[in-house]
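Worksheet: one structure, shown below.
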Amino acid sequence: MKRAIYPGSFDPVTFGHLDMIGRSAKMVDELVVAVLVNSAKNPLFSIEERVKMLEEMTDHLPNVSIRSFEGLTIDYARSIGANIIVRGLRAVTDFEYELQIAQTNRIVNPDIDTMFLTTSLEYAYLSSTIVKEIASYGGDISKFVPQKLMGRIYEKYEKNRCV
Ligand code: ADP
């Protein structure tokens with residue numbers, strides 16, 4: 001039984017993430033999308049909101065589930081019996097950082113491997129940060145995130161503007 005985790009901030013989930021989820025779910029028996037509770041970052045969406053958005057966007061994929069976790073990814077992977085960590089590579093800048101983390105994780109726990117998928121070309125530029133930047137100016141984000149989530153993203157900035 002191959003269980004993998006796909007960890008990340010998903011603040012918010014984008015078409016790039018959903019592409020990764022769809023592709024990696026086909027390679028394993030079970031994929032757990034793990035939303036990181038990271039107190040160092042100042043997220044736009046709460047953990048509950050991020051989990052809910054991911055659940056809604058993946059409910060057609062029977063072997064995908066969404067959870068949240070705190071602490072080290074490698075420890076969380078072991079605690080749920082996952083031996084594969086899925087990560088996406090967009091550019092050389094991702095590579096350097098990801099390689100370091102993956103190698104460190106192999107030393108901490110050699111039973112768990114990191115599987116890298118290269119981004120689909122059409123999403124190579126796409127990140128949650130870009131989506132937030134554009135949405136904060138009221139720009140069009142329809143090519144970056146599912147239509148169903150767009151209102152929730154704009155709403156965050158409308159609230160901020162009223163304060
Ligand atoms: P993190 O804060 O861990 O980088 P993200 O939510 O930004 O969390 O990303 C989670 C994972 O998804 C990372 O492995 C990242 O490289 C990957 N990813 C993000 N956007 C894309 C994309 N457009 N194409 C492929 N992979 C992506």
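Computed quantities for the displayed model
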quantity: Qualifying positions in the stretch 119-163 - more than 14 Å from the ligand (Cβ to nearest atom) and among the basic types (K, R); calculated: K148, R152, K156, K159, R161
quantity: Among (1) within 22 Å of V35 (Cβ to Cβ); (2) surrounded by 12 or more Cβ atoms within 10 Å (Cβ to Cβ); (3) out of contact with any strand residue (DSSP E or B) (no Cβ under 6 Å at 6 or more places or on another chain), the one test that Y125 misses; calculated: (1)
quantity: Residues of the stretch 39-64 that turn out to be in contact (Cβ under 8 Å) with a residue 24 or more places away in the chain, surrounded by 13 or more Cβ atoms within 10 Å (Cβ to Cβ) and over 19 Å from L117 (Cβ atoms), as a count; calculated: 7
quantity: Any hit, the stretch 106-118, residues being in contact (Cβ under 8 Å) with a residue 40 or more places away in the chain and either away from the ligand (no atom under 13 Å from the Cβ) or within 18 Å of D19 (Cα to Cα) (or both); calculated: yes
quantity: Filtered residue count, the stretch 1-32, keeping only those that are of a type in the set (D, E) and either within 9 Å of the ligand (Cβ to nearest atom) or open to solvent by less than 20 Å² (accessible area, probe 1.4 Å) (or both); calculated: 2
quantity: Test: residue in the stretch 77-98 that is crowded, with 16+ Cβ neighbours inside 10 Å, free of Cβ contacts under 8 Å to residues at least 12 places away in the same chain and either under 17 Å from T129 (Cβ atoms) or more than 14 Å from the ligand (Cβ to nearest atom) (or both); calculated: yes
quantity: Residue within the stretch 86-102 that is farther than 22 Å from R23 by Cβ and touching a strand residue (DSSP E or B) at 6+ places or on another chain (Cβ under 9 Å) present; calculated: no
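The values are calculated or read from the model by the stated rules, or taken from the named source; none is laboratory data. The model shown is predicted, which means the values in this text are computed figures rather than measured ones. Methodologically, a virtual Cβ is constructed for each residue, glycine included, from the backbone with ideal geometry; neighbour enumeration extends over all protein chains shown. For the accessible areas, the whole protein counts, side chains as well, though only heavy atoms, and no ligand, DNA or RNA atoms are used. Shrake-Rupley method; radii C 1.70, N 1.55, O 1.52, S 1.80 Å.
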